[in-house]
Amino acid sequence: MKVRVKVPATTANLGPGFDTIGLALSLHNEFTFFHSPEEVHHDPDNLIYHSAKYIYDRVGAPVDRLQFTVAGEVPMSRGLGSSATCIVGAMVGANELLGRPFSREELLNFATEVEGHPDNIAPALYGGCRISTMEEGRVITHPLDIAPSLHFFVAIPNFPLATSVAREALPKALSYGDAVFNISRMVFLVEGLRLGDFQLVRMGAQDRLHEPYRSKLIRGYGKMASITGELDGVVLISGAGPTLLLIAPDTVEPEAAMELWHKKSQETGASWEIKHLKLDPEGAVVTLDGEGPAARP
Ligand code: HSE
């Protein structure tokens with residue numbers, strides 16, 4: 001039996017929602033898992049192997065014949081949740097090959113344990129937009145409606161930024177004032193995204209927890225963010241960066257926005273790929289033997 005798992009890219013934080021909010025985008029990685037007739041040797045540090053092995057070890061099954069392939073569109077170390085696609089894809093695939101010993105909620109917890117935080121994992125697994133937190137070592141996640149009128153664009157640069165580096169750039173503590181600033185912005189953002197009220201989105205898309213520190217690590221950030229002086233929209237760092245996310249209301253013409261952002265990108269000294277993406281509503285989807293209807297894990 002071959003198990004194929006298609007997992008969406010994700011964009012986390014959305015400005016003020018550091019480690020809390022994330023949404024799945026219409027850009028995917030596809031993984032195929034099967035048992036080979038012979039023993040297969042993998043690099044133990046390979047994230048896909050490591051995550052699949054986690055599931056095999058939990059049920060006490062031998063992992064030595066597990067084989068897999070990966071193909072896809074989600075760039076690595078760019079702030080689009082590529083590691084979450086690997087962890088979720090591998091755990092869902094392993095779970096299918098082993099006869100589904102674990103529920104989706106259990107997979108969510110296992111995957112978050114490997115990733116370290118749930119904000120990319122939850123939307124990669126469930127699709128849509130998710131608010132997530134940890135409570136007594138368990139992930140609590142809840143779907144959040146996103147108004148269909150909103151446009152999402154990403155600008156993906158040709159340089160990586162390791163999440164570990166982007167997390168090290170953050171201060172160890174923050175002031176009461178900055179905490180209050182972020183809490184208030186997050187509430188405005190969530191309500192604005194739900195209603196498609198762009199005045200609320202604009203008020204909410206401000207952050208003092210990570211963007212001021214990380215923007216300095218992204219070459220061309222200022223130029224790329226300056227698009228909001230010329231069109232109605234907000235620019236946020238996608239996850240830990242360096243990809244940038246532009247959210248715009250439906251009054252913005254997508255082709256014109258892409259052209260303008262592309263023009264700006266040419267003045268940054270780096271090369272950026274601009275994409276107009278949709279919200280992925282499905283999350284991880286399983287197909288068995290390359291046939292039959294797709295199923296949720
Ligand atoms: N919330 C995480 C961060 C996302 O901003 O570091 C990246 O994995």
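Numbers for the structure displayed
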{"quantity": "From E39, E106, E96, E30, residue being touching a residue at least 24 places away in the same chain (Cβ under 8 Å) and loosely packed, with under 15 Cβ neighbours inside 10 Å", "calculated": "E39"}
{"quantity": "Which numbered condition R167 fails, given (1) touching a strand residue (DSSP E or B) at 6+ places or on another chain (Cβ under 8 Å); (2) touching a residue at least 40 places away in the same chain (Cβ under 8 Å); (3) not in a loop (DSSP other than H, G, I, E, B)", "calculated": "(1)"}
{"quantity": "Unique residue being among the charged types (D, E, K, R), within 16 Å of the ligand (Cβ to nearest atom), modelled with pLDDT of 95 or more and in a loop (DSSP other than H, G, I, E, B) when the list is D207, D232", "calculated": "D207"}
{"quantity": "Residue check, V190 in a strand (DSSP E or B), modelled with pLDDT of 95 or more and either within 15 Å of the ligand (Cβ to nearest atom) or among the aliphatic types (A, V, I, L, M) (or both)", "calculated": "no"}
{"quantity": "Among the residues listed as F34, F18, the single one being more than 16 Å from the ligand (Cβ to nearest atom) and outside any helix (DSSP H, G or I)", "calculated": "F34"}
{"quantity": "Of all residues making up the stretch 212-224, the number that are away from the ligand (no atom under 16 Å from the Cβ) and surrounded by fewer than 20 Cβ atoms within 10 Å (Cβ to Cβ)", "calculated": "3"}
{"quantity": "F68 more than 30 Å from F181 (Cα to Cα), of a type outside the set (A, V, I, L, M), more than 25 Å from the chain's Cα centre (by Cα) and not in a loop (DSSP other than H, G, I, E, B)", "calculated": "no"}
{"quantity": "Candidate set: the stretch 109-141, residues that are in contact (Cβ under 8 Å) with a residue 40 or more places away in the chain and among the hydroxyl-bearing types (S, T, Y); chosen: the one surrounded by the fewest Cβ atoms within 10 Å (Cβ to Cβ)", "calculated": "T133"}
{"quantity": "Residue in the stretch 55-63 that is part of a loop (DSSP other than H, G, I, E, B) and in contact with a Lys or Arg (Cβ under 9 Å, 6 or more places away or on another chain) present", "calculated": "yes"}
{"quantity": "Selection status of M91, within 15 Å of the ligand (Cβ to nearest atom), within 21 Å of the chain's Cα centre (by Cα) and not polar (S, T, N, Q)", "calculated": "no"}
{"quantity": "Every residue from the stretch 1-29 that is among the acidic types (D, E) and either under 18 Å from H151 (Cα atoms) or in contact with a helix residue (DSSP H, G or I) (Cβ under 8 Å, 6 or more places away or on another chain) (or both)", "calculated": "none"}
{"quantity": "Subset tally (residues that are in a helix (DSSP H, G or I), among the hydrophobic types (A, V, I, L, M, F, W, C) and within 16 Å of the ligand (Cβ to nearest atom)) for the stretch 94-129", "calculated": "7"}
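One line per residue, one yes/no per condition, for (1) within 30 Å of K6 (Cβ to Cβ); (2) of a type in the set (A, V, I, L, M, F, W, C); (3) crowded, with 20+ Cβ neighbours inside 10 Å:
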site	(1), (2), (3)
P143	yes, no, no
A162	yes, yes, no
S175	no, no, no
Q206	no, no, no
H210	yes, no, yes
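The values are calculated or read from the model by the stated rules, or taken from the named source; none is laboratory data. Just so it is clear, the structure is predicted and the values come from calculations on it, not from any experiment. So basically every Cβ, Gly included, is an ideal-geometry build from the backbone, and we count neighbours across all protein chains shown.
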